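The values are calculated or read from the model by the stated rules, or taken from the named source; none is laboratory data. For clarity, every value in this text was computed on a predicted model and none was experimentally measured. Virtual Cβ from ideal backbone geometry, glycine too; neighbours counted across all protein chains shown. Accessible surface is based on the protein model in full, side chains and every heavy atom, while ligands, DNA and RNA are left aside. Shrake-Rupley method; radii C 1.70, N 1.55, O 1.52, S 1.80 Å.
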Amino acid sequence: MRYISTRNKQISFSSCEAIKQGISTDGGLFWPEEFPKVSFEELTQLSAKDYRARAKFVLSKFLTDFSEDEIDHCVESAYTSEKFGSDDIAPLHKLNDNAYVLELWHGPTCAFKDMALQILPHFLTTAMHKTGEDKQAVILVATSGDTGKAALEGFCDVENTNVIVFFPSEGVSEVQRKQMVSQGGKNTFVTAVSGNFDDCQTGVKKIFADQKLQKELMDGGYVFSSANSINWGRLVPQVVYYFSAYCDLLSAGEITVGEPVNFVVPTGNFGDILAGYVAKMMGLPVHQLICASNKNNILTDFINTGVYDVNRTFFTTMSPSMDILVSSNLERLLFALSGNDDKRISSYMKELSEKGVYSIDEALLQLLQSQFAAGYTDESQTLKTIEKYYKEYGYVVDPHTAVALNVYEQNTSEYKTIVLSTASPYKFPASVCKGISPKTDTADEWKLFETVRELSGISAPASLADLKEKAVRFGGVCKVPEMADQIREFLKI
Ligand SMILES: *Cc1c(COP(=O)(O)O)cnc(C)c1O
């Protein structure tokens, strides 16, 4: 299986190369040249197996230059009961006869990013080994919260890798900050950057383009790499849980094989929902993929009108991982829907970077709407939804999941629907408590853990329960122009 660039399909690589490079040199994203098919018979067989077996099945169809042993090793190292609390890596929670919640937050950092970032480091080291790379990878991450911690946990003490996380001094929750600054491991480095997420991200982009620093790094035996969802190695593990959720419905007798289902996905960078589309292209019976946004509803507008326009106000919401205006992975979807039309995609992306807006033609819009529906939830509805699911089902959800549940209600259909739940309520205790009892004093997040436990009847995950008392290892704050020096200091080059 070869991977081609969305901006020039003459550029083609093996999966090892695509994962190692992260992004194509022309700025395009790697995308499989063709899609393997899965039969109903295979789905039935998979439904009798556990998550790890399902993962091996799906991944081996895409990572065709990895040996069976290599894939086994990656899967067995990533999805352990130790890291995910049980062998049920992505459990499905039944709400009623029409709606199910797929809980993707049982990993070590309590957000769905673990589903991919627990396995990506193993893909990357395997790929480096297979391609004869003799340098150590340095993973640079600018994070608005969840990705940073998930990358630190995933890469922690993985041989031949280092991970450096920059997070904004303004904007992450107290729980998120403490998760990062108390990180252990010999190859992990963290610093706050004074400013907001944009300052942080701009700083990291500059570093990726800094030739002088790259040269110093090379001389020191290092090479930069990236762990965000433009990397195919982060997207492909997410295809697995769409299959796994369907198989769980099958084995529980909730559906018969071939019966279509809907998925509702709380969306930011469009990576998660795109993985659902990949599953559908492989033959998973999916009726609709429903894209759920918060008040930053640029994707809702795009799916409904065909116009992508970033010239609008950016809102900071209680579902921060969905606060995003440029959803990188949309590029891959448009490439696929347009029949791999690289010229067209290049021109859309050029318009986007020059004018901040592009629009697709009527035919492409119709194709898009035949596969996707979209909706959004504002802040007050998000709180009301948290309250509603607590009162009606005794089920406590985080604000990202609440956005998706509300959009589900706007799109109920005859098909059974799986709503993706992307964070543990313990990660956003202030919003959760505010939704359920508006009078709660939310000044001290740590005090709210006990409230969340009383409401949900579920204890705090061990990794969060003792977090308050953990020692701070990385107390520093640097300014944007000091980021490169901070890297030199961390790596001692
Ligand atoms: C990253 C994230 C999302 C958005 O996922 P995308 O793949 O970027 O669309 C949603 N919810 C949570 C909690 C996240 O961390």
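Descriptive notes on the structure:
- In Å, descending, principal axis extents of the Cα set of the stretch 318-416: 51, 32, 17
- Centre-to-centre, using Cα atoms only, the stretch 3-24 and the stretch 443-493 are separated by 35 Å.
- Listed residue pairs exceeding 24 Å between alpha carbons, taken from LYS83/LYS479; LYS56/LYS83; LYS434/LYS468; LYS295/LYS355: LYS83/LYS479
- Packing, as the average of other Cβ atoms within 10 Å across residues, places the peptides 206-215, 131-140, 109-118, 257-266 in the order 109-118, 257-266, 131-140, 206-215, highest first.
- Difference of contour (0.36 nm per residue) and Cα-Cα distance, ASN196 to SER81: 37.8 nm
- Selection among PHE40, GLY148, ALA111 by position relative to the dipole of the stretch 1-156 gives GLY148 as farthest towards the positive end (Cβ unit charges, Cα centre).
- For the stretch 32-49, backbone phi angles converted through the Karplus equation (6.51, -1.76, 1.60; θ = phi - 60°) give residue-by-residue couplings of x, 5, 8, 10, x, 9, 10, 8, 4, 4, 5, 4, 4, 4, 4, 5, 8, 9 Hz, Gly and Pro being listed as x.
- GLU254-GLU454 FRET efficiency (beta carbon distance; Förster radius 30 Å; 0.05 resolution): 0.45
- Ranked by the mean number of other Cβ atoms within 10 Å per residue, highest first, peptides 313-319, 411-417, 143-149 order as 143-149, 313-319, 411-417.
- Taking θ as phi - 60° and the Karplus parameters 6.51, -1.76 and 1.60, the scalar couplings of the stretch 383-397 work out to 5, 5, 5, 4, 5, 4, 6, 5, 5, 7, 10, x, 10, 9, 10 Hz in sequence order, x denoting glycine and proline.
- Computed label-point distance, nm, for sites GLU174 and THR316 using a 7 Å Cα→Cβ extension: 1.7
- If R0 equals 30 Å, the separation of the Cβ atoms of ARG473 and ASP134 corresponds to a calculated FRET efficiency of about 0.50.
- Between VAL326 and GLU41, the FRET efficiency estimated from the beta carbon spacing at R0 = 51 angstrom works out to 0.80.
- Charge dipole of the stretch 10-167 (Cα centre as origin; +1 on each Lys and Arg Cβ, -1 on each Asp and Glu Cβ, all else neutral): 320 debye, rounded to the nearest 20.
- Residues of the stretch 134-155 with amide N under 15 Å of the 7 Å Cα→Cβ point at MET218: 134-136
- Share, in percent, of DSSP beta bridges within the chain that are antiparallel, nearest 5: 25
- Note on the stretch 162-215 and the stretch 345-406: Cα centroid distance 28 Å, given to the nearest whole angstrom.
- Note that the stretch 97-103 has calculated 3J(HN,Hα) couplings of 5, 10, 10, 10, 10, 8, 8 Hz, one per residue in order, obtained from phi through the Karplus relation 6.51 cos²θ - 1.76 cosθ + 1.60 (θ = phi - 60°); glycine and proline are x.
- When ARG54, ARG312 are compared by accessible area of protein heavy atoms, the largest-first order is ARG312, ARG54, using a 1.4 Å probe.
- Computed helical MRE - 222 nm, the chain, DSSP H runs ≥ 4 contributing -39500 (n - 2.57), nearest 500: -13500 deg cm²/dmol
- Cut-off under 5 Å, modelled amide H: who pairs with TYR376 long-range: SER293
- Multiplying the residue separation of LYS355 and ASP309 by 0.36 nm and removing their Cα-Cα distance gives an extension gain of 15.7 nm.
- Under 5 Å, built H, 5+ apart or other chain: amide partners of VAL264: ILE290, ILE418, VAL419, LEU420
- Whole-number D in µm² s⁻¹ for the stretch 1-160, Kirkwood Cα-pair radius fed into Stokes-Einstein, 37 °C, 0.692 mPa s: 189
- Put simply, the amide H of GLN136, placed in the peptide plane, has neighbours under 5 Å in TYR222, VAL223, leaving out anything fewer than 5 places away on its chain.
- Each Cα pair under 8 Å and six or more residues apart adds its separation to the average, and for the stretch 209-342 the resulting relative contact order is 22 percent.
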